[in-house]
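S.K.: What follows is a single structure, and I will ask about it in a moment.
Since every read-out is calculated from the coordinates, none of them should be taken as a lab result. Fair warning: this is a prediction, and the values are worked out from it, not measured in the lab. When we count neighbours, we look across all protein chains shown, and the Cβ atoms used for this are built from the backbone with ideal geometry, even at glycine.
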Amino acid sequence: MTDNPASRWNPADYIANAWFVPALGAQVVTLLAPQPGERILDLGCGDGALTSKLVALGATVVGVDASGDMVAAAQARGLDVRRADGQNLPFQSEYDAVFSNAALHWMLDKTAVAASVFRALKPGGRFVGEMGGEGNIATLRAGLRAELGQRGYRMPDQDPQWYPSPAEFVAIYDAAGFTDIQAELIPRPTPLPDGVAGWLRVFRGGFMDTANVPDHEQGAIAQAVERRLAPELQQPDGSWVADYVRLRFTMRKPL
């Protein structure tokens, strides 16, 4: 299995500080419009919050995720969830639909993901989802890099996430064989329930790992980044809002 080295997940932290991810993903469930009896693959299902919604709507759902800890949390909900690599899914023409929310940007071999999803779908099946798009969390990413650089940490030239433009995304999935591809960017300023520091703990602990930041220093760095970004991201009432940009998409595998 090929894991993104910057991907590190703690289910308890995720539930406490990232509840907005599945909550805002409910719109994508509506776009998917799951039907009773359909067989659906939830790609990058995390702790299974949205997987549960698909099951409640009557679909037969299998979830996959690269994080063993998140898979265990989803299985604890009683869901059929397995650890698997989205870049090499073990399915062949099995699903009426593949659904993905806030996960594809962690899968860096995007052509392999596109081919893998294509194989997993039945002819005529659909792929519906949402991921980080071009410009996503640019302020947060720049603030963390500036703080780490000031402290002398060396980082990769590019962040280990993929935030594509619609044109780049469409080109990859068109080359994989999909048709009727629709992709649009949606700017979505997003409240951060535990501020910038809490967001960094959930979503960028792995990135700090890749920069060789010791665990015992990551909390202090997160607080420093929060102070750095207060003029841009803190609201007059003291709350915090992040500069999220989502790429929402639909497509089909030809009959």
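S.K.: Under the 0.36 nm per residue contour assumption, what length would be gained going from the current alpha-carbon distance of Gln35 and Glu217 to full extension?
M.R.: 60.7 nm
S.K.: Now a separate question. Using the Cα centre as the reference, give the magnitude of the dipole from point charges on the C-beta atoms of the range 73-148 (Lys, Arg: +1; Asp, Glu: -1; all else neutral), rounded to the nearest 20 debye.
M.R.: Working: 9 positive and 8 negative charges, 16 e Å.
Computed about the Cα centre, the dipole is about 80 debye.
S.K.: Stretch Lys122-Ile186 to full length: gain in nm at 0.36 nm per residue minus the Cα-Cα span?
M.R.: Numbers: separation 64, 0.36 × 64 = 23.04 nm, distance 2.89 nm.
Gain on extension, Lys122 to Ile186, equals 20.2 nm.
S.K.: Another question about this same structure. Under a no-solvent Debye model with one identical scatterer per Cα of the range 134-255, what's log10 I(q)/I(0) at q = 0.11, 0.19, 0.21 Å⁻¹?
M.R.: Debye curve over Cα of the range 134-255, log10 I(q)/I(0) at q = 0.11, 0.19, 0.21 Å⁻¹: -0.47, -1.00, -1.12.
S.K.: Around Glu168, with a cut-off of 10 angstrom between Cβ atoms, what is the net charge of the other residues, counting Lys and Arg +1 and Asp and Glu -1?
M.R.: Working: positive: Lys110; negative: Glu134.
It works out to a net charge of 0.
S.K.: Report, ordered by chain and residue number, the lysines lying within cross-link reach of Lys110, taken as a straight Cα distance under 25 Å and ignoring same-chain residues fewer than 8 apart.
M.R.: Lys122, Lys253
S.K.: Here is a further query. With only Lys, Arg, Asp and Glu charged, each at its Cβ (+1 for the first two, -1 for the last two), find how big the charge dipole of the chain is about the Cα centre; round to the nearest 20 debye.
M.R.: Working: 23 positive and 29 negative charges, 52 e Å.
Around 240 debye, computed over the chain.
S.K.: So how far apart, in nm, are the two label points at Glu232 and Ala26 if each is 7 Å from Cα heading toward Cβ?
M.R.: About 3.1 nm separates the two model spin labels.
S.K.: Hey, quick one: spin label on Glu168, modelled 7 Å out along Cα-Cβ, who in the range 116-141 has an amide N within reach, i.e. under 12 Å?
M.R.: Of the residues in the range 116-141, 132-136 have backbone N under 12 Å from the label point off Glu168.
S.K.: Sticking with this structure for a sec: Could you give me the radius of gyration and the Dmax of the chain, taking only the C-alpha atoms into account and expressing both in angstrom?
M.R.: For the chain, the Cα-based Rg and Dmax read 18.1, 55 Å.
S.K.: From the square roots a ≥ b ≥ c of the eigenvalues of the alpha-carbon gyration tensor of the range 137-191, which class results: rounded (a/c under 1.5), prolate (a/b over b/c), or oblate?
M.R.: Numbers: a/c = 5.48, a/b = 2.04, b/c = 2.69.
Oblate, because a/c is 1.5 or more while a/b does not exceed b/c.
S.K.: Right, here's the next one. For Arg83 paired with Asp109, estimate the spin-label separation in nm (one decimal), with each label point 7 Å from Cα along the Cα-to-Cβ line.
M.R.: 1.8 nm
S.K.: For the ranges 242-253, 131-142, what's the packing order if you count other beta-carbon atoms within 10 Å of each residue, average per peptide, and put the highest first? Write out the running numbers ahead of the final one.
M.R.: Working: 242-253: 21.2, 131-142: 18.8.
Answer by packing, highest mean first, reads 242-253, 131-142.
S.K.: Another one. How big is the antiparallel share of DSSP beta bridges in the chain, given as a percent to the nearest 5? Don't skip to the answer; put the middle values down first.
M.R.: On the way: 19 of 36 bridges.
Of the beta bridges lying entirely in the chain, close to 55 percent run antiparallel.
S.K.: What FRET efficiency comes out for Gln92 versus Asp194 if R0 is 51 angstrom and r is the Cβ-Cβ distance? Round to the nearest 0.05.
M.R.: Numbers: r = 42 Å, r/R0 = 0.82.
E(calc), rounded to 0.05, equals 0.75.
S.K.: Per residue of the chain, what 222 nm ellipticity follows from adding -39500 (n - 2.57) for every DSSP H run with n ≥ 4, rounded to the nearest 500?
M.R.: Values: 11 runs with 103 residues, N = 255.
Helices in the chain give a 222 nm mean residue ellipticity of -11500 deg cm²/dmol.
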